[in-house]
């Protein structure tokens, strides 16, 4: 199904764009466009100007309404094409002279443009947009406004909510920070049957199906702009169970991130954990977090050699670490470091995760890392 977006006459396949688009002549859409945030408010999203304001999240946790900002500078792909060194061929005059092979100007091959290194995700504050998909399995999309902003196809996060419910607004601070860091987040949300219908491993996997289809669909804005080799299965609590279940049976998953969750509600699901062959990262609360012991059981049951981590908070129960709007930005940053490390081998990510504070602005001792085999991920 196609919808005309923003009065621009642009047909967008299979989803409804929530960003209100400008209708200027620039196809890169570099104007200052308002963005509809999850609570229905509007915020300016400077698409091109460094330092422009990013979208503001109206993320609500429980009954309280709080606002979380998602940064704003655009980071484009830098890099000049490598020049050809020298002139091939010499003078083929009467003397039959040939170019000197030792000369730097003698026919050196063109190396082509250098590889563009993806900047660390935590260093990015890209303007973002939120879109509502109008197809099953019913989900919202949080992504950079400019899908080419990093100069590389964007990695994908497939997310399931706590309780396996179809209500994702509580975790908007995570999604917005991840999108500002250069990820495309697909978050399961309410469909025709309401928010209380529980999501499944199949729903979680259908997010990946959609991403792969869009990456190859002619005319889709995502065509060529999604990195289908770098997909993260992620979720909170029950959503973490489906993320781990998906990773155990779907080889399209490259990494797993679980917020206060595990493979089962009691102990570790040995079948699920035994089927996982990709890195798994957990963030849990303090001793009072009911998911903490189960996450530890998962961690210990993973097959030998699989990189894994658990980041424990010094205090905070399951609901606190899962939904507190003061804590979620810290979780978002730690998750970005984990994703950078597992998807790209980023050395700076490994250093941050092993630091005294683990996240910027955090005090020493608030978060503690337990890990294994992370050195195998660094490049």
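Here, each number is a calculation from the coordinates, and none is a lab measurement. Here the structure is a predicted model, which is why all the values come from computation and not from measurement. So basically every Cβ, Gly included, is an ideal-geometry build from the backbone, and we count neighbours across all protein chains shown.
The equivalent ellipsoid of the stretch 231-342 has semi-axes of 21, 15, 11 Å, largest first, where each one is the square root of 5 times an eigenvalue of the Cα gyration tensor. Sorted fewest first by neighbouring Cβ atoms within 10 angstrom, 147, 353 come out as 147, 353.
For the ranges 195-205, 314-324, 354-364, 179-189, what's the packing order if you count other beta-carbon atoms within 10 Å of each residue, average per peptide, and put the highest first?
Highest mean packing first, the order is 179-189, 314-324, 195-205, 354-364.
For the pair residue 366 and residue 148, a Förster radius of 35 Å applied to the C-beta separation gives a FRET efficiency near 0.40, rounded to the nearest 0.05.
As a size descriptor, the averaged projected area of the C-alpha convex hull of the stretch 131-376 was calculated at 12.0 nm². When the square roots of the Cα gyration tensor eigenvalues are ordered a ≥ b ≥ c, the ratio a/c for the stretch 136-205 is 1.5 or more and a/b exceeds b/c, which makes its shape prolate. Overall, the anisotropy analysis places the stretch 109-227 in the prolate class: the square-rooted eigenvalues a ≥ b ≥ c of its C-alpha gyration tensor yield a/c not less than 1.5, with a/b exceeding b/c. Quick one: Cα centre-to-centre distance for the stretch 254-279 and the stretch 306-378, in angstrom? If you average the Cα positions of each part, the centres end up 17 Å apart. Could you tell me whether the stretch 153-287 comes out rounded, prolate or oblate from its Cα gyration tensor? Rule is a ≥ b ≥ c as square roots of the eigenvalues, rounded for a/c under 1.5, then prolate if a/b exceeds b/c, otherwise oblate. Verdict is prolate for the stretch 153-287. Taking 0.890 mPa s as the viscosity and 25 °C as the temperature, the Stokes-Einstein diffusion coefficient of the stretch 315-375 based on its alpha-carbon Kirkwood radius rounds to 201 µm²/s. Fully extending the segment from residue 379 to residue 304, taken as 0.36 nm per residue of separation minus the present Cα-Cα distance, adds 24.9 nm.
Shown for 326, 130: other C-beta atoms within 10 Å of each C-beta, ranked fewest to most, produce the order 326, 130.
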